[in-house]
Amino acid sequence: MAENGNGAAPQNGAQPAAAGAAPQVKFQVLAQFVRDLSFENAVVRGDGKIPAGQPDIQVQVSLDAKKKEGADNHFEVISKYRIESKVKETGATLYLVELEYGAIFLIDGVPEDQMHPFLLIECPRIVFPFARRIISDVTRDGGFPPLNLDMIDFMQMYRQQLAARQAQQGQGDAPAS
């Protein structure tokens with residue numbers, strides 16, 4: 001049994017904090033919302049029949065995060081999804097889905113130097129299943145098979161964006177010849 005330094009066990013059953021331990025992180029989803037949603041069914045502009053062929057689905061994801069004004073430790077994270085489905089053989093567009101899905105988070109105890117990756121990796125990961133469900137429902141309700149997006153590796157996405165930003169800054173710092 002753990003002791004609290006004076007030989008007695010903690011009364012609430014909690015383990016005592018280790019000396020020099022990292023601060024406790026408080027993380028809570030306060031709200032989730034659809035900021036913008038658009039579904040364009042290109043098939044209805046034609047003869048109304050879905051063209052034969054394999055679909056080619058392109059998914060683009062971008063993220064935005066900012067601190068909420070007037071609220072300590074409250075952050076808004078917006079995940080933007082753009083999904084375009086075309087017929088692989090002909091290039092004919094089937095549909096286009098655009099979704100901006102937002103969430104407000106209470107975050108406390110995350111060191112300042114780790115806040116940016118936390119906002120752009122952990123926060124979108126937590127709410128992704130809800131955005132995926134909306135996209136699936138919208139494509140199904142639009143007359144197509146439901147689109148169930150694969151899980152997105154937000155850490156890899158963050159690393160790629162960071163590398164691209166650093167490469168761009170490196171080019172800007174290069175002397176002109």
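Bear in mind these aren't lab numbers, they're just calculated from the coordinates by the rules spelled out. This is a predicted model, so every value here is computed, not measured. With ideal geometry, Cβ positions are generated from the backbone for all residues, glycine too; neighbour counts draw on all protein chains shown.
Computed values, structure above
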| quantity | calculated |
| --- | --- |
| Length gained when the stretch residue 39-residue 125 is fully extended (0.36 nm per residue, less Cα-Cα span) | 28.6 nm |
| Segment residue 57-residue 161, extension gain: residue separation times 0.36 nm, minus the distance between their alpha carbons | 35.2 nm |
| Cβ-Cβ FRET estimate between residue 137 and residue 30, R0 fixed at 35 Å, reported to 0.05 | 0.90 |
| Additional length obtainable on full extension of the chain from residue 169 to residue 71, 0.36 nm per residue less Cα span | 32.0 nm |
| Cα gyration tensor shape for the range 26-150, rounded if a/c is under 1.5, else prolate or oblate | prolate |
